[in-house]
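I'd like to ask you about the structure that follows.
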Amino acid sequence: MKIKVLGCSGAKFPGHNIPGFLLDDDIVFDAGSITGVLNEKAQIKIKNIFITHAHLDHIRSIPFLVDNIVLANKYHNKVNLYSISSVVNIIKKHLFNSSLWPDFTIIPHPDDAILNLVKLSLNKPIKINCYTVTPYKVNHTVPAVGYLVEDEGGKRFFYTGDTGPSHEPWDKIGDKAINCLIIDVSFPNSMEEMAINTGHLTPLLLKEELLKIKNMPEKICITHPKPKFLKTIKAELERLRIKNLKVLRDGDTIRI
Ligand SMILES: [Zn+2]
Ligand SMILES: [Zn+2]
């Protein structure tokens, strides 16, 4: 599996892109930075968007992406937007509502629209291309899931999206081997209270999460740090001496 990091930042500044992970050419996990990073040709290839939760930094590109595809006259390339129903409902009600943005679930034609909203059930796998994708509940301030992705060869990664201390995904993953864990660390240790109140992790909270996982993931990739605290977070992570841990950067490629 090859995942391109379109963005992995916990805040938006020049040179710091908000979350988006491109698997192959047509599947993305979170849609913060699709249109700011990919050119038109690459945007048109995107067919499947898995959203962890409806916070703006994770969905910002969707309205521009579907507009770009329709304008390119490629609207026969439907874009499927997947998440649990509470997340899909928020996106439909507050974004594609013909007020904040045109309702692309009925554009260009109500019976042939560019954007197809697909509601997933928690813990229930769905097959996309050669992958099995399963949403597991994580602990954030709004309804949120992480995605376990498995290829036909049995390789797996788990992307948490935004999460504070959690039990559900680790219980559900059980003793399955995870080749790569992409996990939120947004704040430094000194801001633990803020991290917990806003549904995020610090380096020390990450350490506690890892103790809950039966099989230590082969590779651990850190996403969503606040750029303002990046240096401190990196230093604190280094002190934990966790094997095969990497703080992701925009533009990185993760190979699994
Ligand atoms: Zn969030
Ligand atoms: Zn976020």
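Got a number for residues in region 22-61 being of a type in the set (A, V, I, L, M) and either in contact with a Pro (Cβ under 7 Å, 6 or more places away or on another chain) or within 16 Å of residue 84 (Cβ to Cβ) (or both)? Break it down into steps so the answer makes sense when it comes.
Here is the first cut: in region 22-61, the ones of a type in the set (A, V, I, L, M) are 22-23, 27-28, 31, 34, 37-38, 42, 44, 46, 49, 51, 54, 56, 59.
Okay, now just the ones that are also either in contact with a Pro (Cβ under 7 Å, 6 or more places away or on another chain) or within 16 Å of residue 84 (Cβ to Cβ) (or both), so 31, 49, 51, 54, 59.
Total meeting the criteria: 5.
So, one more: Checking the conditions here, which among 51, 3, 62 is more than 16 Å from ligand 1 (Cβ to nearest atom) and surrounded by 24 or more Cβ atoms within 10 Å (Cβ to Cβ)?
Values: 51 fails: more than 16 Å from ligand 1 (Cβ to nearest atom); 62 fails: more than 16 Å from ligand 1 (Cβ to nearest atom).
Within the list 51, 3, 62, the selection yields 3.
Another question, then. Testing residue 143 on (1) open to solvent by less than 50 Å² (accessible area, probe 1.4 Å); (2) within 16 Å of ligand 2 (Cβ to nearest atom); (3) under 21 Å from residue 20 (Cβ atoms), one condition comes back false. Which one is that?
(1)
Return yes when residue 114 is under 21 Å from residue 36 (Cα atoms), open to solvent by less than 50 Å² (accessible area, probe 1.4 Å) and within 16 Å of ligand 2 (Cβ to nearest atom) and no when it is not.
Working: under 21 Å from residue 36 (Cα atoms): yes; open to solvent by less than 50 Å² (accessible area, probe 1.4 Å): yes; within 16 Å of ligand 2 (Cβ to nearest atom): no.
So residue 114 fails the test.
Right, next: Look at residue 100 and say whether it is assigned to a strand (DSSP E or B), over 16 Å from the mean Cα position of the chain (by Cα) and more than 20 Å from residue 167 (Cα to Cα). First the steps, then the outcome.
Working: assigned to a strand (DSSP E or B): no; over 16 Å from the mean Cα position of the chain (by Cα): yes; more than 20 Å from residue 167 (Cα to Cα): yes.
No: the conditions fail for residue 100.
Pull up region 1-41, narrow it to residues that are part of a strand (DSSP E or B) and of a type in the set (D, E, K, R), then point me to the one that is farthest from the chain's Cα centre (by Cα).
Keep residues of region 1-41 that are part of a strand (DSSP E or B), which gives 2-7, 13, 16, 20-23, 27-31.
This time we only want the ones that are of a type in the set (D, E, K, R), so: 2, 4, 30.
Values: 2: 15, 4: 12, 30: 4 Å.
The extreme case among them is 2.
Still on this structure, I have one more. Of all residues being closer than 21 Å to residue 108 by Cβ and within 16 Å of ligand 2 (Cβ to nearest atom) in region 42-87, which is nearest to the chain's Cα centre (by Cα)? Just the residue, please.
Keep residues of region 42-87 that are closer than 21 Å to residue 108 by Cβ, which gives 43-49, 61-81.
So of that shortlist, the ones also within 16 Å of ligand 2 (Cβ to nearest atom) come out as 49, 61-62.
Numbers: 49: 9, 61: 13, 62: 13 Å.
Per the stated criteria, the residue is 49.
Residues that are in contact with a helix residue (DSSP H, G or I) (Cβ under 7 Å, 6 or more places away or on another chain), under 19 Å from residue 250 (Cα atoms) and either in a helix (DSSP H, G or I) or more than 15 Å from ligand 1 (Cβ to nearest atom) (or both): does region 72-81 have at least one? Walk me through how you get there before you give the answer.
From region 72-81, those in contact with a helix residue (DSSP H, G or I) (Cβ under 7 Å, 6 or more places away or on another chain) are 72, 74-75, 77, 79, 81; that's our starting set.
Of the ones still in play, those that are also under 19 Å from residue 250 (Cα atoms) are none.
No.
Sticking with this one: Any idea which of 238, 208 is under 14 Å from residue 184 (Cβ atoms), of a type in the set (D, E, K, R) and open to solvent by 90 Å² or more (accessible area, probe 1.4 Å)?
Working: 238 fails: under 14 Å from residue 184 (Cβ atoms).
Being under 14 Å from residue 184 (Cβ atoms), of a type in the set (D, E, K, R) and open to solvent by 90 Å² or more (accessible area, probe 1.4 Å) holds for just one of 238, 208, which is 208.
Across region 146-168, what is the total count of residues that are within 19 Å of residue 214 (Cα to Cα) and surrounded by fewer than 20 Cβ atoms within 10 Å (Cβ to Cβ)? Show your work before the answer.
Our first condition is that a residue be within 19 Å of residue 214 (Cα to Cα); within region 146-168, this holds for 146-150, 154-160, 163-168.
Narrowing further to those that are surrounded by fewer than 20 Cβ atoms within 10 Å (Cβ to Cβ): 154-155, 165, 167-168.
So the answer is 5.
Right, something else. For the structure I just gave you, tell me whether residue 90 is over 16 Å from the mean Cα position of the chain (by Cα), surrounded by 14 or more Cβ atoms within 10 Å (Cβ to Cβ) and within 16 Å of ligand 2 (Cβ to nearest atom). Steps first, answer last, please.
On the way: over 16 Å from the mean Cα position of the chain (by Cα): yes; surrounded by 14 or more Cβ atoms within 10 Å (Cβ to Cβ): yes; within 16 Å of ligand 2 (Cβ to nearest atom): yes.
Against the criterion (over 16 Å from the mean Cα position of the chain (by Cα), surrounded by 14 or more Cβ atoms within 10 Å (Cβ to Cβ) and within 16 Å of ligand 2 (Cβ to nearest atom)), residue 90 qualifies.
Ok, one more. Give me the pairs, please: first residue somewhere in region 227-256 and in contact (Cβ under 8 Å) with a residue 12 or more places away in the chain and closer than 23 Å to residue 6 by Cβ, second residue anywhere and open to solvent by 50 Å² or more (accessible area, probe 1.4 Å) and assigned to a helix (DSSP H, G or I), beta-carbon distance under 7 Å, and either six or more positions apart or on two chains.
As it stands, the answer is 247/234, since those pairs meet every condition given.
Being more than 15 Å from ligand 1 (Cβ to nearest atom) and basic (Lys, Arg) is the requirement here; does residue 119 meet it?
On the way: more than 15 Å from ligand 1 (Cβ to nearest atom): yes; basic (Lys, Arg): yes.
So residue 119 passes the test.
The values are calculated or read from the model by the stated rules, or taken from the named source; none is laboratory data. Bear in mind the structure is a predicted one, so any value in this text is a computation, not a measurement. We place every Cβ from the backbone using ideal geometry, glycine too, and count neighbours over all the protein chains shown. Remember, those area values only see protein heavy atoms, side chains included, never the ligands or the DNA or RNA. Shrake-Rupley method; radii C 1.70, N 1.55, O 1.52, S 1.80 Å.
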